[in-house]
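Here's the structure we're looking at; comments come further down.
The values are calculated or read from the model by the stated rules, or taken from the named source; none is laboratory data. If you're wondering where the values come from, they're calculated on a predicted model, not measured in any experiment. In this analysis, Cβ positions are derived from the backbone assuming ideal geometry, glycine residues included, and neighbour counts consider all displayed protein chains. Note: areas computed on protein heavy atoms with side chains; ligands, DNA, RNA excluded. Shrake-Rupley method; radii C 1.70, N 1.55, O 1.52, S 1.80 Å.
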Amino acid sequence: MAQKAIVGEKVGMTQVWTQDRRVVPVTVLRVEPLRIVQVKTKESDGYNALQVTYGQKDEKKLNKAAAGHFAKHGVAPGRRLVELRLDSVDGFEVGQEIGVDKLAAGEIVDVTAVSRGKGFAGGMKRHNFRGQGAAHGNHKHHRAPGSIGQRSFPGRVFRGMRMAGHLGHEQVTILNLEVVQADSERNLLLVKGAVPGPNGGVVIVRDAVKGGK
Amino acid sequence: MKATDIVDQQHLRTDLPKLRPGDEVKVHVRIKEGDKERVQVFQGDIIAIEGSGISESYTVRKNSYGVGVERTFPMHTPSVEKVEVLRHGQVRRAKLGYLRDRAGKAAKIREKREV
């Protein structure tokens, strides 16, 4: 799993220039200081994780369950509760703050977020099917998937056949992105390349599981 | 103001003159050869300005020994040491692609008269 992890919100994409004057496309993430609400351990919960929150939320707007949870652990309520799975939670305690400075420029990270929902999408958009020809008498079958099976044997469509359906709004992890800058002054994290999901979406950043090779 | 502007601000150059399509400019480009660095000048007319903010760019066209040469520079690249505006041109459109089909005197841009 991960040695370290933080959570932030996607701000948008832009570009920066490096020292050797090359342009790098970056995604800007806002990582507000995280407050640990609960430390989950293998013994107590069956897995190791940190439950964290960030930002502020009016106490009056919390439901009873959330208010009780924050009150029980003595942590100021935040906008969201997010769990960060870790290999080991040794040295973490409730109320402790985690900032962007956990990560440094040059580190290789994995980024997890929920992708943009595309609704009900056809085979061409969803599975990169080729569609069918525009000419040669084709009529109203330009984006159709084509054949989905054989004949009276097997007489059925195999399970898992790729067809039209819901696309997007699923958890997507992008492996091995490079941290370009971790700005603890302005609580910003710059990651090279694109990150799934819309601006404002919640993004979990953790060190690369595959070692960044 | 966009949310990413706070990141862009430190990369934006403030030392550049205002560039417009039709301007004749000298672009001083830093060129790296091995471990040495020198400055090369690219002189020509701006035939297009595209984009905005940090990703804004301009295209300079010049005639080099009868061959048209175009180079597109990012507006805020640190590779450009400085940009000199030699003269402002009188042009009626933002993109001067029509210059590519012209040669000699027809490819000249009239100088803008200040009123």
Top-ranked residue in segment A:58-91 [being crowded, with 16+ Cβ neighbours inside 10 Å and in a loop (DSSP other than H, G, I, E, B); ranked as nearest to the chain's Cα centre (by Cα)]: A:L86
Condition test on A:R186, is it under 24 Å from A:D101 (Cβ atoms) and charged (D, E, K, R)? yes
Filter segment B:58-87 down to the residues that are buried (at least 18 other Cβ atoms within 10 Å of the Cβ) and part of a loop (DSSP other than H, G, I, E, B), then identify the one that is nearest to the chain's Cα centre (by Cα). B:M75
Out of all the residues in segment A:197-213, which are closer than 18 Å to A:E107 by Cβ and either open to solvent by 20 Å² or more (accessible area, probe 1.4 Å) or modelled with pLDDT under 95 (or both)? A:I204, A:R206, A:D207, A:A208, A:V209, A:K210, A:G211, A:G212, A:K213
Keeping to segment B:29-54, report how many residues are within 14 Å of another protein chain (Cβ to nearest Cβ), hydrophobic (A, V, I, L, M, F, W, C) and part of a strand (DSSP E or B). 3
Go through segment B:6-28 and give me each residue that's surrounded by 15 or more Cβ atoms within 10 Å (Cβ to Cβ) and within 11 Å of chain A (Cβ to nearest Cβ). B:I6, B:V7, B:D8, B:H11
In segment A:97-134, how many are open to solvent by less than 60 Å² (accessible area, probe 1.4 Å), of a type outside the set (A, V, I, L, M, F, W, C) and in contact (Cβ under 8 Å) with a residue 12 or more places away in the chain? 12
Before we move on, is A:E32 among the acidic types (D, E) and assigned to a strand (DSSP E or B)? no
Just one of A:L188, A:L167 is touching a Leu at 6+ places or on another chain (Cβ under 9 Å) and either of a type in the set (A, V, I, L, M) or more than 14 Å from chain B (Cβ to nearest Cβ) (or both); which is it? A:L188
So B:V41 ticks every box in (1) over 28 Å from B:K2 (Cα atoms); (2) within 14 Å of the chain's Cα centre (by Cα); (3) open to solvent by 50 Å² or more (accessible area, probe 1.4 Å); (4) in contact (Cβ under 8 Å) with a residue 24 or more places away in the chain but one. Which box is left unticked? (4)
Go through A:A194, A:A182 for me and flag whichever is modelled with pLDDT of 95 or more and within 14 Å of chain B (Cβ to nearest Cβ). A:A194
Flagged pairs (Cβ under 6 angstrom, 6 or more apart or on separate chains; first in segment A:21-33, more than 16 Å from A:G200 (Cα to Cα); second modelled with pLDDT of 95 or more and open to solvent by 60 Å² or more (accessible area, probe 1.4 Å)) are A:V24/A:K192
Those residues of segment A:1-40 which are β-branched (V, I, T), over 26 Å from A:G211 (Cβ atoms) and more than 9 Å from chain B (Cβ to nearest Cβ), in sequence order: A:I36, A:V37, A:V39
Pairs where the first residue, in segment B:56-74, is within 29 Å of A:T14 (Cα to Cα) and the second is open to solvent by 50 Å² or more (accessible area, probe 1.4 Å) and not in a strand (DSSP E or B), C-beta under 8 Å, 6+ apart: B:S57/B:G51; B:R61/B:R100; B:P74/B:S55
The condition from (1) assigned to a helix (DSSP H, G or I); (2) open to solvent by 80 Å² or more (accessible area, probe 1.4 Å); (3) touching a Lys or Arg at 6+ places or on another chain (Cβ under 9 Å) that A:Q3 misses is numbered (1)
A:A144: more than 14 Å from chain B (Cβ to nearest Cβ) and crowded, with 16+ Cβ neighbours inside 10 Å, yes or no? no
